[in-house]
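Below you'll find the structure, written out as structure tokens, and then a few comments.
The values are calculated or read from the model by the stated rules, or taken from the named source; none is laboratory data. Remember, it's a predicted structure, so these values are computed and weren't measured experimentally. Cβ atoms come from the backbone with ideal geometry, glycine included; neighbour counts cover every protein chain shown. Only protein heavy atoms, including side chains, enter the accessible area calculation; ligands, DNA and RNA are left aside. Shrake-Rupley method; radii C 1.70, N 1.55, O 1.52, S 1.80 Å.
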Amino acid sequence: MTATLSAPQSIASLLGKEAEDLLTHKAKVSRDLLHLPGADFIDRIFTISDRSPQVLRSLQQLYSFGRLGNTGYLSILPVDQGIEHSAGASFAPNPIYFDPENIVKLAIASGCNAVATTLGVLGSVSRKYAHKIPFIAKINHNELLTFPNQADQIMFASVEQAWNLGAVAVGATIYFGSEQSTRQIQEVSKAFARAHELGMATILWCYLRNNAFKQDKDYHLAGDLSGQANHLGVTIEADIIKQKLPEDNRGYEAVEKASGKSYGKTSDRVYSDLTTDHPIDLTRYQLLNCYSGRAGLINSGGASGKNDFAEAIRTAVINKRAGGSGLISGRKTFQRPFEDGVKLFNAIQDVYLSPDVTIA
């Protein structure tokens, strides 16, 4: 998708018919139960943890850079799609990004807090850019060249390699719910422990993956299931959780109904007291499972399409009002002309800088 952006529009106008609902919604769960983003987030949250001074410094560097620096919010460019979705599918819409330097240039020009990408991308330009923008080295991936295609996150890089190229953090994905999840949990837990030993922060892509989650709706996006994935993620000491924006709920019930078998465990109070069908309430439940916000929740921007600008603003408003810590936006930004990618990032960042978008 390479169409150019129209002239800047207000947040409310981009939200369209949803504007009043999204900007004025009163959340089901009180914000008083949460640890919310702020300029003092590292001091308030992480200095009482077991994180070392080196990890605190890395986290502070991450939270202090770019247009959102020292606000408690994060705007990150993630580009691992060359592996996860294939280079052709990812970069054909805008071939300049076959060159890794342009990935880093986009993050810098857009005022991002950091760029999150592969060992190869960061390693190819690290001496030129590691001191100019925080690096997040993604160390595991699911590749799509094996036939038949499979869904399994495997290690592509070591924590030591990430440290050597100047990364302030490592990122990894776990496909919670998959047959391979037990191994992935063990691998990533070990890697995150080593990253903390070396003074780096940790970011976990807490994705769900199982065909059983696809029923009448896509319950990979269920608030209850994705919330539990987040809870598993913070258990292995992810400092920041990346999760897809929730679109539905009652995933446990759907899987049990479809399979005719008992699945997992939940409580009726999750649905009566802690959530509604509103996206802000569902996202807040995701955040509750991040130790009530002690680990920041960043939502993904999703695939590129015809309404990227409006969709990105909508996601940012939902994340911020739920108490989340920002957005991590890839294909919506790099699959369009460079200048428009910058504009889209800046529009997302403006949501977090706006005093008119408040915590619900």
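Per-peptide packing, taken as the mean over residues of other Cβ atoms within 10 Å, places 76-85, 62-71 in the sequence 76-85, 62-71 from highest down.
Sum up the charges of everything whose Cβ sits under 12 Å from the Cβ of L14, counting Lys and Arg as +1 and Asp and Glu as -1, but leave L14 out. Write down the numbers at each step before the final one.
Working: positive: K17, R314; negative: E18, D308, E311, D350.
Spelling it out: positives minus negatives among the neighbours equals -2.
Protection proxy ranking of 166-176, 143-153, by the mean of other Cβ atoms within 10 Å over each peptide's residues and highest first, is 166-176, 143-153.
How many percent of Cα pairs in the range 107-208 exceed 25 Å? Could the numbers behind the result be given before it?
On the way: 1098 of 5151 pairs.
Every Cα pair in the range 107-208 considered, those over 25 Å come to 21 percent.
Subtracting the Cα-Cα distance of K257 and T182 from their residue separation scaled by 0.36 nm leaves 24.6 nm. Our analysis of the chain gives Rg over Rh at 0.94, with the two radii drawn from alpha carbon positions and Rh computed by the Kirkwood formula.
Straight-line cross-link reach from K132 at under 17 Å between alpha-carbon atoms covers these aspartates and glutamates, not counting any fewer than eight positions away in the same chain: E101.
Quick one: compute the contact order of the chain, relative version, from alpha carbon pairs under 8 angstrom and 6+ residues apart, as a percent. Can you show the working numbers first?
Details: 716 pairs, mean separation 76.1, N = 360.
That works out to 21 percent.
Quote the convex hull volume per residue of the range 179-289, based on C-alpha atoms, as a whole number of Å³. Working shown, then result.
Details: hull volume 10.7 nm³, N = 111.
Convex hull volume per residue, Cα atoms: 96 Å³.
Per the Kirkwood treatment, what hydrodynamic radius in Å, one decimal, follows for the range 1-130 from the mean inverse distance over all distinct Cα pairs? Across the range 1-130, the inverse of the average 1/r is 18.0 Å.
For the range 332-338, backbone phi angles converted through the Karplus equation (6.51, -1.76, 1.60; θ = phi - 60°) give residue-by-residue couplings of 4, 9, 8, 8, 8, x, 3 Hz, Gly and Pro being listed as x.
For the chain, the solvent-accessible area works out to 42 Å² per residue, with a probe of 1.4 Å and every protein chain left in place.
Applying the Karplus relation 6.51 cos²θ - 1.76 cosθ + 1.60 with θ = phi - 60° to the range 21-35 yields 3J(HN,Hα) values of 4, 6, 8, 10, 4, 9, 5, 5, 9, 4, 4, 5, 7, 10, 9 Hz, where x marks Gly and Pro.
Sequence-ordered 3J(HN,Hα) estimates for the range 191-202 from the Karplus curve with 6.51, -1.76 and 1.60 and θ = phi - 60° stand at 5, 5, 4, 5, 4, 5, 4, 8, x, 9, 7, 10 Hz, glycine and proline given as x.
Candidate cross-link partners of K320 among the lysines, defined by an alpha-carbon separation under 16 Å and a same-chain spacing of 8 or more, comprise K26, K28, K242, K244.
As a length-normalised measure over Cα pairs under 8 Å and 6 or more apart, the relative contact order of the range 245-331 settles at 29 percent. Taking amide H as placed 1.01 Å from N in the peptide plane, the amide H of A114 sits under 5 Å from that of S75, L77, each at least 5 places away or on another chain.
Just the protein heavy atoms count here, and of the accessible area of the range 17-123 at 1.4 Å, carbon and sulfur take up 54 percent.
Across the range 150-230, C-alpha contacts under 8 Å between residues 6 or more apart give a mean separation that, scaled by the residue count, equals a relative contact order of 31 percent. Here the accessible area is traced with a 1.4 Å probe on the protein chains. For the range 212-360, carbon and sulfur cover 47 percent of it.
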